[in-house]
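Here the structure is laid out as structure tokens; the discussion comes afterwards.
The values are calculated or read from the model by the stated rules, or taken from the named source; none is laboratory data. All values reported here derive from a predicted model rather than from experimental measurement. Positions of Cβ are generated from backbone atoms using ideal geometry, with glycine treated the same way; all protein chains shown enter the neighbour counts.
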Amino acid sequence: MGFLTAEKIEEVEANRPGGGYFRTKEIPDNGSVKVRFLGDAITGVGGWRDGKPLRFEVRPEGFDITTLDVNKIDGKPGKLTDFIATVLWNYQSESLQIFEITQRTIQDKCIALQRNESWGDVTQYDIEITKKVGAHTDYEVTALPDGKGKTDKMIMKAFDETFIDLNKLYSNGDPFKPGE
């Protein structure tokens, strides 16, 4: 087996700050991160099974949710939740990342901005994602537009030159690796 399996190495690397995925839990308490959404998003439903993500393009009929992992935070049975997955530029880490948006507050804000005539397409401006911590350990994450403007050429160059296939999320493939 060796020191670490290939699967564990990928898991460790994916969980590092600035890694391949943007996670709201990495936003400092009562802090924010500026991002720019890039390209087309995908949607679906997902949950967890045996510690691994399970995603579907459409909600499967007759799916046995009892096979999903129990929620580690509240101990409630697992469930399939809607998600929007997109590529973004994280200005703080200066990197391209995938953001799997499962928080309803962020989904609703992005949809409202997209429908708003003054703002429109959320890839046409930066968004500030803010994490507000309450009196307990609960926190709320929100998204606010942060000025319209063209995407920086360096960001577009990085996006154009980096292989990212969001559709691989549906098959648990690595969206950053071609041919998987």
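Data overview
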{"quantity": "Criterion (over 19 Å from PHE163 (Cα atoms), touching a Phe, Trp or Tyr at 6+ places or on another chain (Cβ under 7 Å) and of a type in the set (A, V, I, L, M)) met by exactly one of ILE111, ILE101, ILE73, ILE106", "calculated": "ILE101"}
{"quantity": "Every pair of residues 6+ apart whose Cβ atoms lie under 8 Å, when the first sits in region 126-155 and is closer than 16 Å to ARG23 by Cβ while the second is of a type in the set (Ser, Thr, Tyr) and modelled with pLDDT under 85", "calculated": "ILE129/THR142; THR130/THR142; LYS131/TYR139; VAL133/TYR139"}
{"quantity": "Count of residues meeting criterion [modelled with pLDDT under 60 and assigned to a loop (DSSP other than H, G, I, E, B)] in region 5-48", "calculated": "5"}
{"quantity": "Matching residues, region 23-41, being closer than 21 Å to LYS150 by Cα and either free of Cβ contacts under 8 Å to residues at least 24 places away in the same chain or of a type in the set (D, E, K, R) (or both)", "calculated": "LYS34, ARG36, ASP40"}
{"quantity": "Filter result for ILE155 (under 26 Å from LEU54 (Cβ atoms), surrounded by 12 or more Cβ atoms within 10 Å (Cβ to Cβ) and under 20 Å from the mean Cα position of the chain (by Cα))", "calculated": "no"}
